[in-house]
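Engineer: Handing you a structure now.
Computed from the coordinates by the stated procedures, all read-outs in this text should not be read as laboratory data. From a predicted model like this one, the values you see are computed outputs, not experimental measurements. Virtual Cβ from ideal backbone geometry, glycine too; neighbours counted across all protein chains shown.
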Amino acid sequence: VLIYERIREEVRGGRTMLSALDAGFKRAFGTILDSHVTTLVAGFLMFWLGSGPVKGFAVTLSIGVLTSLFSAILVTRLLIVTWLRQWHPKAIPI
């Protein structure tokens, strides 16, 4: 959601779709990374201080956060760039 909103702001500011995509991802990256790192720190603390099921939850949480970070930054960008280059939309239909 954050990435799409940043892209929409850039398009409203007069940028082309591809340049808005680059600027939107750059602007959103810091916030996305901060939230994921904060959650990973919480997962590490739960693993370090917890026992049994809490450690299992911490591992599952950390795997989910890393997967989410990967998909938010790399997969989403690849899909949007492919879509933009193939269909040449005038606006983002969000």
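Engineer: If V75 meets every condition in (1) touching a residue at least 12 places away in the same chain (Cβ under 8 Å); (2) of a type in the set (V, I, T); (3) closer than 19 Å to V1 by Cβ apart from one, which number is that one?
Structural biologist: (1)
Engineer: Kindly list the number of the only condition in (1) of a type in the set (A, V, I, L, M); (2) over 18 Å from the mean Cα position of the chain (by Cα); (3) surrounded by 15 or more Cβ atoms within 10 Å (Cβ to Cβ) that fails for A42.
Structural biologist: Among (1) of a type in the set (A, V, I, L, M); (2) over 18 Å from the mean Cα position of the chain (by Cα); (3) surrounded by 15 or more Cβ atoms within 10 Å (Cβ to Cβ), A42 violates only (3).
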